[in-house]
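Here's the structure we're looking at; comments come further down.
The values are calculated or read from the model by the stated rules, or taken from the named source; none is laboratory data. All figures in this text were calculated on a predicted structure; none of them were measured in a lab. Quick reminder, even Gly has a Cβ in these numbers, built from the backbone with ideal geometry, and neighbours come from all protein chains shown. When the accessible area is computed, the model is the full protein with side chains, heavy atoms only, and any ligands, DNA or RNA have been set aside. Shrake-Rupley method; radii C 1.70, N 1.55, O 1.52, S 1.80 Å.
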Amino acid sequence: MTGSELNNIVAAIDIGTTKIVAIIGKKDSTGKIEIMGYGRAESTGVKRGVVLNIEQTVNAIREAVAKAENEAKVTITEAYVGIAGQHIRSMRNRGYINRDSYDEEISREDVQALIDDMYKIPIDVGEEIIHVLPQNYIVDSESGIKSPVGMFGKRLEANFHIVIGQTAAANNLKKCVNRSNIKVRKLILEPLAS
């Protein structure tokens, strides 16, 4: 494979209670992913989304990844990793920013600043924010907006769905993947990944 083809390779690992699955795919010119390799191994070190045995989980990840790599005929160095389990919770929150001028269009940077602010909300000790999902935006009291970029307005608000998980559980998942010589590109909530 050429260097540009390798840039289009995407890998995902699902660490579940009964099985660990690794999938390797390639993005085509339209952005769709064609599955190149699939690997599966029995999971004995995980219960309800929480790693209880690091060594067993690492061995199962290595087995699943090796099968997927063998089928895809590529070696992966990073992957998206699914996270789920009883330690995951979610909440709704609303945030806003006041912009300097009515006369300037709302930019992607404005929207990103609003999302970034949600990562700063107070949560319980030992927890971390996994996802901030905008549900809809409000521009100067006009609600129900799906994408405010390009609109004019001074006050930009949004309703968010925020997914929170236990830091220790997330770190143990990351540790298992890292010990399998794979960098965690991002943790993704299982239902969203599906």
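Going through 146, 175, 154, 120 one at a time, which residue ends up being within 30 Å of residue 76 (Cα to Cα) and either out of contact with any Lys or Arg (no Cβ under 6 Å at 6 or more places or on another chain) or modelled with pLDDT under 95 (or both)?
175
Among the numbered conditions (1) assigned to a strand (DSSP E or B); (2) without any contact (Cβ under 8 Å) to a residue 60 or more places away in the chain, tell me where residue 147 comes up short.
(1)
Just to check your reading of the model, which residue among 146, 183 is over 16 Å from the mean Cα position of the chain (by Cα) and of a type outside the set (Asp, Glu)?
146
For residues that are part of a loop (DSSP other than H, G, I, E, B) and either of a type in the set (A, V, I, L, M) or open to solvent by 30 Å² or more (accessible area, probe 1.4 Å) (or both), scanning just region 151-166, find the one that is nearest to residue 186 (Cα to Cα).
Taking the candidates together, the pick is 151.
What are the pairs with Cβ atoms under 8 angstrom where one residue, in region 60-79, is in contact (Cβ under 8 Å) with a residue 60 or more places away in the chain and the other, located anywhere, is open to solvent by 50 Å² or more (accessible area, probe 1.4 Å)? Sequence gap at least six, or different chains.
Every condition considered, the pairs that remain are 74/1; 74/6; 77/181; 77/183; 78/183; 78/185; 79/183; 79/185.
Scan region 67-116 residue by residue and report those that are assigned to a helix (DSSP H, G or I) and open to solvent by less than 30 Å² (accessible area, probe 1.4 Å).
Listed by number, the residues that qualify are 68, 72, 111, 114, 115.
Which members of region 10-25 meet the condition of being touching a helix residue (DSSP H, G or I) at 6+ places or on another chain (Cβ under 7 Å) and under 13 Å from residue 74 (Cβ atoms)?
Answer for region 10-25, where residues must be touching a helix residue (DSSP H, G or I) at 6+ places or on another chain (Cβ under 7 Å) and under 13 Å from residue 74 (Cβ atoms): 22, 23, 24.
Test of understanding: among 183, 175, which residue is open to solvent by 60 Å² or more (accessible area, probe 1.4 Å), in contact with a strand residue (DSSP E or B) (Cβ under 6 Å, 6 or more places away or on another chain) and under 19 Å from residue 13 (Cβ atoms)?
Being open to solvent by 60 Å² or more (accessible area, probe 1.4 Å), in contact with a strand residue (DSSP E or B) (Cβ under 6 Å, 6 or more places away or on another chain) and under 19 Å from residue 13 (Cβ atoms) holds for just one of 183, 175, which is 183.
Among the numbered conditions (1) within 27 Å of residue 164 (Cβ to Cβ); (2) touching a Ser or Thr at 6+ places or on another chain (Cβ under 7 Å); (3) basic (Lys, Arg); (4) at pLDDT 95 or above, tell me where residue 62 comes up short.
(1)
Those residues that are open to solvent by less than 30 Å² (accessible area, probe 1.4 Å) and either more than 18 Å from residue 75 (Cβ to Cβ) or part of a loop (DSSP other than H, G, I, E, B) (or both), I need them from region 26-52; list them, please.
43, 45, 46, 49, 51
From the list 138, 130, exactly one residue is within 26 Å of residue 59 (Cα to Cα) and part of a strand (DSSP E or B). Which is it?
Unique residue meeting the criteria: 130.
Mind checking which residues of region 135-194 are hydroxyl-bearing (Ser, Thr, Tyr) and at negative phi?
Across region 135-194, the qualifying residues are 137, 143, 147, 167, 180, 194.
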